[in-house]
Amino acid sequence: MSAAININKFSQFFILYAFVSLVVYFVTGFTILAGLVYLFILSPFYLLCIAHVVSLAQKHSPSLIRYRKFLIYLIALFQILVICFSPSNCYGVKQGVACSSFIQSLLGNYILNNFENGSSLGGTSEFIFPVALVFYGISVVAFLGMLRIEPIG
């Protein structure tokens, strides 16, 4: 467990985390697909999480909160996977070419030249993105579900 922190401070940090994460997601996902996923799935998810944290803060205002540290690492792992494998280049999709992930766009042709068929790597990255996003959501919900509230005093 973490050290106890003020529940109001925790809610402020969580709101800041959600906002910065959403900005990073929108910056790294350059496609309409990624934008739609972030706008219509991740944004409402963050709003529900923020509403939950704020309601906890209002309900237990003069309290301390503890969280499980290992879930922070799990959230970070899945968040990095979502960022790295978010679709960032979908040119040629109508011609059967797979979308490139953000990590492929950063590293360019280096990754594509080390595989026999570039579309197999693209297919893998298209598979990793939604799976990582689902596991990211599950880990955030588990993190919020395992918060321990302690009264002050």
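Amide H to amide H, with H built 1.01 Å from N, residue 88 comes under 5 Å of 30, 100, 101, 102, counting only residues 5 or more places away or on other chains. What the phi angles of the stretch 51-64 give under the Karplus curve with 6.51, -1.76 and 1.60, with θ = phi - 60°, is a coupling list of 4, 5, 5, 5, 5, 4, 5, 6, 6, 10, 3, x, 9, 10 Hz, glycine and proline written as x.
FYI, it's all coordinate maths here, none of it is from the lab. Just so it is clear, the structure is predicted and the values come from calculations on it, not from any experiment.
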